[in-house]
Structures are given as structure tokens and as C-alpha cells.
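The values are calculated or read from the model by the stated rules, or taken from the named source; none is laboratory data. For clarity, every value in this text was computed on a predicted model and none was experimentally measured. So basically every Cβ, Gly included, is an ideal-geometry build from the backbone, and we count neighbours across all protein chains shown.
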Amino acid sequence: MEKLTKSGGLEAFNFGTQLAYRYPHLLPMKKKNESSFKVWASEANRTKQSANALFAGLYGGIQEDMIGQVMVIAEGEEQGANTLTPHESCPRFSDTAGSKEAGIWLKYYTDPIIARFAAMGTRFNFSANDVLAMQELCGYETVIRGSSPFCPIFTPEEWLSFEYYFDIKYHYQLGYGTDISPRLGMPWVVASSNLLNDTKTMDQDLYVSFTHREEPPFILTALGLYNNSCYADADNINTTFPLDQINYQRAWRTSEIIPVLGHVALERLECVSVTHNGSFVRVLVNSAPKPLPHCASGPGGSCPLSNYMDYVQQRHALYGNFSKTCGVQYKGTTDVLSIYS
């Protein structure tokens, strides 16, 4: 489960190729003895391997044309915010958050499934967790082996219930259901936004980082995207995720946010036209434009750079206190991500 799959390596390679075609002017040209171009990765083997696969895709898999290096960033428990895995250095973060709420929905939607299995005369005493495990195996085996016999066991409606289970769980663990989430994503947002705002002193024009699937939701909450609370009772966050029926109108859908090789990007656009002149910032979630709340007047749902920086500053004033929110007790902590400098 901790290894990079063949399909995962191929996706990283293909993504590198896509970036090379999309941003050819941002890739450094090879120079003699040059190895300054960097890609960052957390220290887990699969993230490092994914970064290397992307490198190969950027340069068409031709080893002698590949320049640069993968910078490995520690995942230690006392890194503060200066890491690509801030949940590891946040004492208040809990892997079990959301399990109670999701467990209520799990029993609700699996009871009819268990009854259906019993009517088939299986003689096996299925539990709710057995059903969940079979549905998870469908996904894992499909990624690892290419297919899974568990997939056709369930109906489309039952798969929607499975999706809703993880939306509930990740809402409380990684999303707006916890006050921790935007504090964990804000250091990356600030560091990356500063790179976009200062194009003259930066060492390179394209910055790519690889980490674990927990981190993109933190970034999205820091940016204020996929926020259910905009459509529900602000005084009762649970109304966004009722536990006895699916909220089909929910904004928070983790299947859209963290698929395999899920990614979040910030683009700086330079425009000269009749309708738009100047610098703009656009957010891409899994390569699709995602307009920011109240800041999408630029081309392609982008935000004027000055307005964007004001927006980030406002969000940082609300969610910039990583160490305090996480209840950090270790020495030498920091609220700043400085790995890119």
C-alpha cells in the first residue's frame, strides 16, 4: 500500500509531459554543468519516485537532457510549518477525526447492502466495515492490478453512498469541519503566492512539489474553495453533511479534490488585450480552473494579482497561526514555509 504503483508512475510521467507542453517557456534550457532546476518531495519513497517520474516526463524520458534535482523535505514531527507534510508536525491533527460521524452514515447505508447479501444465502455475517473494505478494495485493486472483481458487486447508488462516507470523514479530518485545516494549508499558499508576486529574484519559473494526499485539502480550505458553509446554516456546520441522507448539493467532494495524483496549482498570467491588461492569478484544481470567491474578474476565472495578494493577506490574518492552533510544544517551531528560498 505504501509503494508507487505502475499506473501511478505512469501518471506522474504523463503529468510531467503535460507540463512541458503547457509551459515550455518556463522550463530551463540545458546548460553545461547546470543542475539548478529543482522539484520538491516529501521523504516517503513513493513521493520521491513520483517526483523522479515527473522529471522524466518533463524532458521526454531522455536521461541526458534531464537537468536539476529532487529536493527531499523531512516529514518529522517537529518541523513546524516548514514541511510538505504539516499534518505530521501538528500535534492536534488526528487521523481518526470524522470517524464517528462517517461511522453513523456507514451503518445507515450498509444495512440494506448487508440484507441483500444475506438474501443471497452467503451464510457470512457481514458487518458494515466488511462492506466498506470491499468497496475500498475495488479502488485499490483497480489502481494496482487494473481491475477488481469487487467493483460490480455494488450498485451506482451504493457507490454514491460510499463517496458520501469519505466526504463526511474528510470534511471533519481534512476540511472545513476542523479549525486546523486552513492553518495547515496557509504556509504553502503564502510561500507560493510570494513566488508568483516576485518574478525577478526567483531562481526558477516553475515550482512543483510532491507530498501526501492529505495536503491538497488543506490548501483548498486555506484558499476558501469547496466551502459548504456558504450554502448552509453558518451556526450549525453539521447541516452541510446530514448523516441520514446524501446532500447532493454539497460543494465538498473529495473525489474531485484528491483523486490519484490530485494536484493544486497557482498560475501567474500576463495579459495584454482590449479587455484585460496586467498580471492575474488563476487557481487550477486537477488542471481545471477554480475561481476564488469574490475574485474572478480576470480571464479564465482568474484574479488580478494585486487583489489576489490582498485576498491571501486577509486569509493569512485569519489562518496564519500554525503553531498556536496546533498546540505546538516543541522548540524551534515556525509558522513559515521557507523551503523554496
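The number of residues in the stretch 154-173 that are of a type outside the set (Phe, Trp, Tyr) and in contact (Cβ under 8 Å) with a residue 60 or more places away in the chain comes to 8. When residue 210 is tested against (1) surrounded by fewer than 24 Cβ atoms within 10 Å (Cβ to Cβ); (2) under 14 Å from the mean Cα position of the chain (by Cα); (3) aromatic (Phe, Trp, Tyr), just one condition goes unmet, and that condition is (1). Restrict the check to the stretch 68-85 and report whether at least one residue is in contact (Cβ under 8 Å) with a residue 12 or more places away in the chain, farther than 30 Å from residue 323 by Cα and either of a type outside the set (A, V, I, L, M) or part of a strand (DSSP E or B) (or both). Yes, some residue in the stretch 68-85 is in contact (Cβ under 8 Å) with a residue 12 or more places away in the chain, farther than 30 Å from residue 323 by Cα and either of a type outside the set (A, V, I, L, M) or part of a strand (DSSP E or B) (or both). Scanning the stretch 183-231 for residues that are hydroxyl-bearing (Ser, Thr, Tyr) and either touching a helix residue (DSSP H, G or I) at 6+ places or on another chain (Cβ under 6 Å) or touching a residue at least 12 places away in the same chain (Cβ under 8 Å) (or both) returns 192, 193, 199, 207, 209, 211, 221, 226, 229, 231.
Selection within the stretch 40-82: residues that are modelled with pLDDT of 85 or more and among the hydroxyl-bearing types (Ser, Thr, Tyr). The member of this set that is surrounded by the fewest Cβ atoms within 10 Å (Cβ to Cβ) is 42.
Given the criterion closer than 26 Å to residue 46 by Cα, in contact with a helix residue (DSSP H, G or I) (Cβ under 9 Å, 6 or more places away or on another chain) and either without any contact (Cβ under 8 Å) to a residue 12 or more places away in the chain or assigned by the TED database to the domain that holds residue 327 (or both), identify the matching residue among 99, 148. Within the list 99, 148, the selection yields 148. Going residue by residue through the stretch 189-201, is there one that turns out to be under 23 Å from residue 48 (Cα atoms) and of a type outside the set (A, V, I, L, M, F, W, C)? Taking every residue of the stretch 189-201 in turn, at least one turns out to be under 23 Å from residue 48 (Cα atoms) and of a type outside the set (A, V, I, L, M, F, W, C).
Is it the case that some residue within the stretch 137-159 is hydrophobic (A, V, I, L, M, F, W, C) and part of a strand (DSSP E or B)?
no
Hey, residue 164 hits all of (1) in contact with a Ser or Thr (Cβ under 9 Å, 6 or more places away or on another chain); (2) over 27 Å from residue 327 (Cβ atoms); (3) buried (at least 17 other Cβ atoms within 10 Å of the Cβ) but one; which does it fall short on? Here residue 164 clears every test but (1). Where helices (runs of 4 or more DSSP H) fall entirely within the stretch 232-341, those with at least 2 residues that are modelled with pLDDT of 95 or more and among the hydroxyl-bearing types (Ser, Thr, Tyr) are at 305-319, 322-326.
To keep it simple, each residue is scored yes or no on (1) within 27 Å of residue 205 (Cβ to Cβ); (2) within 19 Å of the chain's Cα centre (by Cα).
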site	(1), (2)
265	yes, yes
311	yes, no
319	no, yes
325	no, no
329	no, no
